[in-house]
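S.K.: After the structure tokens below, expect a handful of questions from me.
The values are calculated or read from the model by the stated rules, or taken from the named source; none is laboratory data. Please read all numbers here as calculations on a predicted model, not as lab measurements. Heads up, the Cβs are rebuilt from the backbone with ideal geometry, glycines too, and the neighbour counts pull from every protein chain shown. These accessible areas exclude ligands, DNA and RNA; they are computed on the full protein's heavy atoms, side chains included. Shrake-Rupley method; radii C 1.70, N 1.55, O 1.52, S 1.80 Å.
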Amino acid sequence: MVLRSFGKSLNNAINKLINKGPADAALIKELKNDILRALLEADIELSLASQVVTNVEARSLSEELPPGLERNKAVINIVYEELTKIMGEKFYPLSLEKEKTNILMAIGIQGSGKTTTIAKLARLLTKENWNVGLICTDTWRPGAYEQLTQLGEQIGVEVFGEPTQKNPIKIAKNGIKHFKEKRKNLILVDTAGRHKEEKSLIKEMKELNKKLKPQEIILVIDGTLGQKAKIQAMEFHEATPIGSIIVTKLDSTAKGGGAISASASTGAPIKYIGLGEKVNDIEKFEPKKFVGRILGLGDIETLLEEVKKAQLSVDEDRTAEMMKGKFTYTDIIGMFESMNKMGGVRKILDLLPGGMTHQVDDNMLNMSKETMERNKNIIQSMTQKERNAEVKLSKTRIERIAIGSGVSIDHIKELVNQKKMAEKMVRQMTKPRRGKGNKNSPFGNLPFNFSMN
């Protein structure tokens, strides 16, 4: 999950509000302190964090309730809105025009994942029908051109570079000329990684900006940097005005608050986020959806988009049974295969309402391809009744299956536990909440095909 620790802290604060009854002044004060603590632990700057919780408290105590809405739910909506505000409120597209040659220049410190991120962005923009070319102007880091070339081959985007040339401005100009002749309408320039202390590289960055006149300068920030991210962003912004920010490594281990503070301090919006190491692990930064995922409210729209991209078909009869919490072992394998096509179990739970990522065992979230293959072998060694969960797996049955599949008894017990966890997860998602029915539950018609091919 994105910012898993941050999300868990906020989720706990909100659940406390829901479970303690009417939201009076004392409970709202407690919520304010819990949110402030979560924001500071996520490395969001004190002044920014204080602004958020002050607004939450003031609005929660003063605003009139919309008709038919409980105060607790109104307060949650206020928290959602205030967090969205500090993250930019909406998605800001890149400053591009289809009918002209657009130049984007990427900057960032060494180790931020800049080169990989630019390749990810190139792949994403190619899918949006941009004719993309990549230029490597990094003459400092050994292997920079080779790395970008390999990534270019992987994503099907041409890379221009001159490994023997030491002047980055000449490389950039030659590359732009090359791609203009090929009628590319979007050129991404990858620059050398640098530190604010390296005056020669800062000077090089300024010269590139002056000569190339890019439509936009993109600052790539490491999501694990913490408060240093703001300092870094301000240093770069003073040298060359930043048009946008991409935050990398924004997975479950990153705090990410420093990047949010960097965006607020420079005025440059976060436009994309990197969520993993694969070339498709990048997405547009849409604050409303992002905050919804952090708070455990989910993002059904993105989930449906992922289903469509994965081209999953629907087995309605099996899905209906599974939504009642009735799984077979065959269903388990089919479910994880479908989820892996969509980015993995962790990503899917991240998009579902209910904060399920916080409640599911890490072993289940991190199921690897090797584990999937092992579980398939286990299931293929079962009888039909065992596969359909019509009989309980006794000790003797488990021993027989272990011998037949060539795995340990512990591996079979692990699969049994995964089945139980999946059943529990679905029952929790679909059960009525606080006396309400679940007729409008978003989980009733999840478009997954859980059957094995």
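S.K.: Search the range 385-406 for residues that are within 22 Å of residue 334 (Cβ to Cβ) and in contact (Cβ under 8 Å) with a residue 40 or more places away in the chain and pair each with any residue that is open to solvent by less than 100 Å² (accessible area, probe 1.4 Å) and in a loop (DSSP other than H, G, I, E, B) when their beta-carbon atoms are under 8 Å apart and the residues are at least 6 apart or on different chains.
M.R.: Sorted first by the residue in the range 385-406, then by its partner, the pairs are 386/393; 387/328; 388/328; 389/327; 389/328.
S.K.: Can I ask one more? Would you pick out the residues in the range 130-167 that are of a type in the set (Phe, Trp, Tyr) and assigned to a strand (DSSP E or B)? Steps first, please.
M.R.: From the range 130-167, those of a type in the set (Phe, Trp, Tyr) are 130, 140, 145, 160; that's our starting set.
The one that is of a type in the set (Phe, Trp, Tyr) and assigned to a strand (DSSP E or B): 160.
S.K.: On to the next question. Only one residue in 192, 119, 172 is small (Gly, Ala, Ser), within 23 Å of residue 95 (Cα to Cα) and touching a Pro at 6+ places or on another chain (Cβ under 8 Å), so which one is that? Spell out how you get there, then give the answer.
M.R.: Values: 119 fails: touching a Pro at 6+ places or on another chain (Cβ under 8 Å); 172 fails: touching a Pro at 6+ places or on another chain (Cβ under 8 Å).
None of the other options fit; the residue is 192.
S.K.: Any residue at all in the range 219-227 that is open to solvent by less than 10 Å² (accessible area, probe 1.4 Å), over 18 Å from residue 283 (Cα atoms) and among the aliphatic types (A, V, I, L, M)?
M.R.: Among the residues of the range 219-227, not one is open to solvent by less than 10 Å² (accessible area, probe 1.4 Å), over 18 Å from residue 283 (Cα atoms) and among the aliphatic types (A, V, I, L, M), which makes the answer no.
S.K.: Is it the case that some residue within the range 168-178 is assigned to a loop (DSSP other than H, G, I, E, B) and at pLDDT below 95?
M.R.: Taking the range 168-178 first, the residues assigned to a loop (DSSP other than H, G, I, E, B) are none.
No, the range 168-178 contains no residue that is assigned to a loop (DSSP other than H, G, I, E, B) and at pLDDT below 95.
S.K.: Restricting attention to the range 1-16, which residues are open to solvent by less than 70 Å² (accessible area, probe 1.4 Å) and under 22 Å from residue 86 (Cα atoms)?
M.R.: 1, 2, 3, 4, 6, 7, 9, 10, 11, 13, 14
S.K.: Next question, about the same structure. Could you list all residues from the range 80-129 that are open to solvent by 30 Å² or more (accessible area, probe 1.4 Å) and either in a helix (DSSP H, G or I) or at pLDDT 95 or above (or both)?
M.R.: 80, 81, 85, 116, 123, 124, 126, 127 - these are the residues of the range 80-129 that are open to solvent by 30 Å² or more (accessible area, probe 1.4 Å) and either in a helix (DSSP H, G or I) or at pLDDT 95 or above (or both).
S.K.: State all residues of the range 130-158 that are small (Gly, Ala, Ser) and open to solvent by less than 60 Å² (accessible area, probe 1.4 Å); if no residue qualifies, say none.
M.R.: 133, 143, 144, 152
S.K.: Separate question: Filter the range 184-203 down to residues that are of a type in the set (Asp, Glu) and surrounded by fewer than 21 Cβ atoms within 10 Å (Cβ to Cβ) and give me whichever is modelled with the lowest pLDDT.
M.R.: 197
S.K.: I'd like the full set of residues that are open to solvent by less than 40 Å² (accessible area, probe 1.4 Å), part of a helix (DSSP H, G or I) and touching a helix residue (DSSP H, G or I) at 6+ places or on another chain (Cβ under 6 Å), limited to the range 19-47.
M.R.: 28, 31, 32, 34, 35, 38, 39
S.K.: Could you grab me the full set of residues in the range 161-183 that are open to solvent by 30 Å² or more (accessible area, probe 1.4 Å) and either among the charged types (D, E, K, R) or in contact with a helix residue (DSSP H, G or I) (Cβ under 7 Å, 6 or more places away or on another chain) (or both)?
M.R.: 162, 163, 165, 166, 169, 170, 173, 177, 180, 181, 182, 183
Every residue, every condition in (1) at pLDDT 90 or above; (2) closer than 30 Å to residue 121 by Cα; (3) in contact with a helix residue (DSSP H, G or I) (Cβ under 6 Å, 6 or more places away or on another chain); (4) of a type in the set (Asp, Glu), yes or no:
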residue	(1), (2), (3), (4)
53	yes, no, yes, no
58	yes, no, no, no
69	no, no, no, no
73	no, no, no, no
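S.K.: Also, quick follow-up: If you check residue 301 against the conditions, is it modelled with pLDDT under 80, surrounded by fewer than 20 Cβ atoms within 10 Å (Cβ to Cβ) and more than 25 Å from residue 35 (Cα to Cα)?
M.R.: The answer is yes for residue 301.
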